[in-house]
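The values are calculated or read from the model by the stated rules, or taken from the named source; none is laboratory data. Just so it is clear, the model here is predicted, and its values are computed rather than measured. Here the Cβ is made from the backbone with ideal geometry for all residues, glycine too, and neighbour counts use every protein chain on show. Heavy atoms of the whole protein, side chains included, go into the accessibility calculation; ligands, DNA and RNA do not. Shrake-Rupley method; radii C 1.70, N 1.55, O 1.52, S 1.80 Å.
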Amino acid sequence: QAKNEGRGTYKFADSSKNRLAQDRLLLGSALHETVSKGLLHLYYQPQIDTMTGELYGVEALARWHHPHLGNIFPSRFIAVAEETGQIAAIGRWSLQEACRQMAQWDREGIHVPTVAVNLSAAHFGDHSVPEYIAGLLRTYDLTPDRLTVEITENVMMESGKTTHDVLQAIRNIGVGLSMDDFGTGYSSLSRLTRLPLTEIKIDRSFINDFEHDTNAQAVTTAVIGIGNRLGMTVVTEGVETVQQRQLLEDLKCDVMQGYLFAKPLPADELEKWIRTREAGEA
Ligand code: C2E
Ligand code: MG
Ligand code: MG
Ligand code: MG
């Protein structure tokens, strides 16, 4: 199960079990204080509307500023947080912080249409999550279409009745539901149609070597077709080269996200990025 999670993160290999065991010891005990001590931060990565080239929205990605170890990436601490049960607090914090930031941007006249927040499988076993989300939208005076919840395919695999009900309740509020990392898990296409999804994000492993990989192009073309026919927005992540962007434009992929446009940025740097871009367009 070799999977390159990118720079600053570790690669899964035979030793991934050992690494997880080490992280559990090293990070597990420190993790429970991160939220309360304000050591968790959200970075925001722009998503670009392929047709217009305008900002479609941002994805919020958690970063843990550890006092001794520096910036720890989610690929190291999310798994530990899931094991220790800390993920429930992290997910609620991420939702709240993203909504708070959106309200602040609104007040400052910085136009960010939507924010996407990643949630783990554990949240969809909790019937109180939809009401929590609805409460946040009220508190921060955001319409539900400003928020998207990203789920991974393992959520679909565990999709018992509770998961389905919670997802449906979130969707009923009017919040978007995105299937993240699509194509890497084991979910079936029939499940794709049974969940109330509004968006598919094609995993970046398909985009990695897109220019040269005709198989990846074939799969991506098919998924864009399926997604569009199902009325969903199709997003590609991991767009790094101009050539990849050009091909995805030709394929009419709805939204693109990747280092070509910007890396995940702290809120103030995202604001600068947006201002610079708007100045360039004017
Ligand atoms: P994801 O949701 O699929 O997020 C996309 C990941 O791809 C991010 O890694 C992002 O930095 C990276 N990325 C974006 N563009 C490019 C690119 O052009 N090239 C390459 N090589 N990588 C790119 P990150 O921030 O390390 O996050 C990793 C994963 O951790 C996320 O994958 C998401 O599943 C999870 N995660 C992040 N924040 C949270 C959170 O608050 N809660 C939960 N449950 N999971 C989170
Ligand atoms: Mg995501
Ligand atoms: Mg993804
Ligand atoms: Mg991922």
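When region 223-268 is filtered for residues that are within 19 Å of VAL112 (Cα to Cα) and in a helix (DSSP H, G or I), the ones remaining, listed by number, are ALA267, ASP268. Across region 22-57, which residue is surrounded by the most Cβ atoms within 10 Å (Cβ to Cβ) among those that are among the acidic types (Asp, Glu) and at pLDDT 80 or above? Here the answer is ASP49.
Criterion first (among the polar types (S, T, N, Q), out of contact with any strand residue (DSSP E or B) (no Cβ under 7 Å at 6 or more places or on another chain) and in a helix (DSSP H, G or I)) does ASN215 satisfy it? Considered against the rule, which asks whether it is among the polar types (S, T, N, Q), out of contact with any strand residue (DSSP E or B) (no Cβ under 7 Å at 6 or more places or on another chain) and in a helix (DSSP H, G or I), ASN215 comes out as yes. Just one of the listed residues (GLY183, GLY174) is modelled with pLDDT of 95 or more, at positive phi and surrounded by fewer than 21 Cβ atoms within 10 Å (Cβ to Cβ), and it is GLY174. Considering the conditions (1) hydroxyl-bearing (Ser, Thr, Tyr); (2) surrounded by 13 or more Cβ atoms within 10 Å (Cβ to Cβ); (3) away from ligand 2 (no atom under 16 Å from the Cβ), SER128 is excluded by exactly one of them, (2). Of all residue pairs spaced 6 or more apart or on separate chains, those with beta-carbon atoms under 6 Å, a first member in region 161-184 that is without any contact (Cβ under 8 Å) to a residue 60 or more places away in the chain and a second member that is of a type in the set (Val, Ile, Thr) and in a loop (DSSP other than H, G, I, E, B) are LEU177/THR198; ASP181/THR152. Inclusion of PHE210 among residues that are touching a Ser or Thr at 6+ places or on another chain (Cβ under 9 Å) and away from ligand 2 (no atom under 16 Å from the Cβ) is warranted. Among the conditions (1) in a helix (DSSP H, G or I); (2) within 16 Å of ligand 1 (Cβ to nearest atom), the only one that ARG171 does not satisfy is (2).
Being modelled with pLDDT of 85 or more, within 17 Å of TYR132 (Cβ to Cβ), among the hydrophobic types (A, V, I, L, M, F, W, C) and not in a helix (DSSP H, G or I) is a property that does not hold for LEU197.
Checking each residue in region 58-73 for being within 13 Å of ligand 3 (Cβ to nearest atom) and open to solvent by less than 30 Å² (accessible area, probe 1.4 Å) picks out GLU59, ALA60.
Just to check your reading of the model, which residue among ARG7, ARG19 is part of a loop (DSSP other than H, G, I, E, B), at pLDDT below 95, among the charged types (D, E, K, R) and away from ligand 2 (no atom under 16 Å from the Cβ)? Step through it out loud before you land on a result.
On the way: ARG19 fails: part of a loop (DSSP other than H, G, I, E, B).
Within the list ARG7, ARG19, the selection yields ARG7.
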